[in-house]
Amino acid sequence: MRVKFWGVRGSLPSSLDTFGWIEHFEKLMNEFFDSGYKTKTDISAFIRTKPPAAVGGFGGATTCVEVTGDSKSIILDGGSGLKFLSDHLEKSGRLQTENEFHILMTHFHFDHILGLSFFAPHFLKGKKIHYYSVQTETEEIVKNLFKKPIFPVGFEHLNADIHFHTIEAYKKVNINGFDITPFKMDHPDPSYGFRVEKNNKVYAHAVDHEALRLTRDQLGLDSGLFEKADLLYFDAQYEEEDMSMKKGWGHGTCDRGFKVANTFGVQQILFAHHDPAFSIEDSWNHKKKAEASFAKNYAQSKLIWDFAFEGQVIEL
Ligand SMILES: [Zn+2]
Ligand SMILES: [Zn+2]
């Protein structure tokens, strides 16, 4: 199973502005010379010494994840990252050869539906798009996205054959060769996480989730989302010290992710739904705090963890 993260930002697409990028490039160029590099040919060596997110940032597009296995794929969430996936389909030629697309919706907050109108297969004859959600209003919501005056092309003019499927929480279904089970997240306006299983590997998609329930007892049936996941994609938009003010906003923290991952025997956790207010530096500071907390509380843990970045690929 291969998981690609096309969008990892939370709540609102958000990148540095022009002057923010100028400042960032200035800082990088200074580091280049301070590290003793001198010539044009040193540039790629310098870049390779740094993690991708230290050079390019964590990304500005909102949630969209593609899971691929045995040449089949599914898409989780239609945030603005879906535009990157759509562009990739066109450029790579996949759009010519693939005719069916499967999109699972966690919920309908703006940041999870923003990219849907820009997903090219909607406009093409011979393509089939399947939407899946626990909520029953997906059809109405998607139809409202393709409607004047919010969008110039009405749903009735889309050329693709579009189907809407309601799936049930806690009930495993097979979608394009993947076993999918939805679980309830701690989030306003119900949101569902998805456990995705294939070839004995498990990807657990857990945004948007405040993680108010952490133990097996508290989570009850929802424990099933996390149990022994090979990769858990976890909402860590906020920092623990801000949670008294942000309680009920529906987003979690790294500390909560560490706790869940250690309780349920998760192998690898990737923190995401990055705060739109965060600059690249803010996210690195957020990560430093998480490092300190992990070292202090989970010194013996073998958990692999990191912050997700746009375009990242993880093979399971
Ligand atoms: Zn969200
Ligand atoms: Zn949300």
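Readers should treat all values here as calculations from the given coordinates under stated rules, not as data from a laboratory. Because the structure is predicted, anything quoted here is derived from the model rather than measured. Ideal geometry is used to build each Cβ from the backbone, glycine not excepted, and the neighbour counts take in all protein chains shown.
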Query - Computed label-point distance, nm, for sites Lys296 and Ile47 using a 7 Å Cα→Cβ extension - result: 3.7
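May I ask what percent, to the nearest 5, of DSSP beta bridges between residues of the chain are antiparallel? All intermediate terms of the calculation are to be shown ahead of the outcome.
Numbers: 27 of 55 bridges.
The antiparallel proportion sits near 50 percent.
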Query - Cα-Cα over 30 Å, subset of Lys38/Lys91; Lys127/Lys172; Lys143/Lys228; Lys148/Lys184; Lys40/Lys296; Lys143/Lys172 - result: Lys38/Lys91; Lys143/Lys228; Lys148/Lys184; Lys40/Lys296
Query raised in the report: What is the spin-label model distance, in nm, from Thr39 to Glu26 if the labels are put 7 Å beyond Cα along the C-beta direction?
Result: 2.9
Query raised in the report: Taking the chain as a Gaussian network, Cα atoms linked when under 10 Å apart, which of Gly126, Gly93, Gly257 shows the biggest mean-square fluctuation?
Result: Gly93
Requested in this report: Work out from phi, with θ = phi - 60° and the Karplus expression 6.51 cos²θ - 1.76 cosθ + 1.60, the ³J(HN,Hα) of each residue of the stretch 141-158, listed in order in whole Hz, and give x for Gly and Pro.
Outcome: 5, 5, 4, 6, 6, 9, 8, 5, x, 7, 8, x, 9, x, 4, 5, 9, 6
Query raised in the report: Within the stretch 280-309, what residues put their amide N at less than 14 Å from the label point 7 Å along the Cα-to-Cβ vector of Glu240?
Result: 287-299
Report task. Return the single residue from Ala54, Ala229, Ala299 with maximal mean-square fluctuation; model: Gaussian network over the chain, springs between Cα atoms under 10 Å. Result -> Ala299
Report summary line: Between Ser15 and Glu315, the two model label points (7 Å from Cα along the beta-carbon direction) sit apart by a distance in nm of 2.9
**Report entry** GluC sites (Glu not before Pro) within the stretch 68-115: DSSP coil, no more than 16 neighbouring Cβ in 10 Å
**Finding:** Glu98
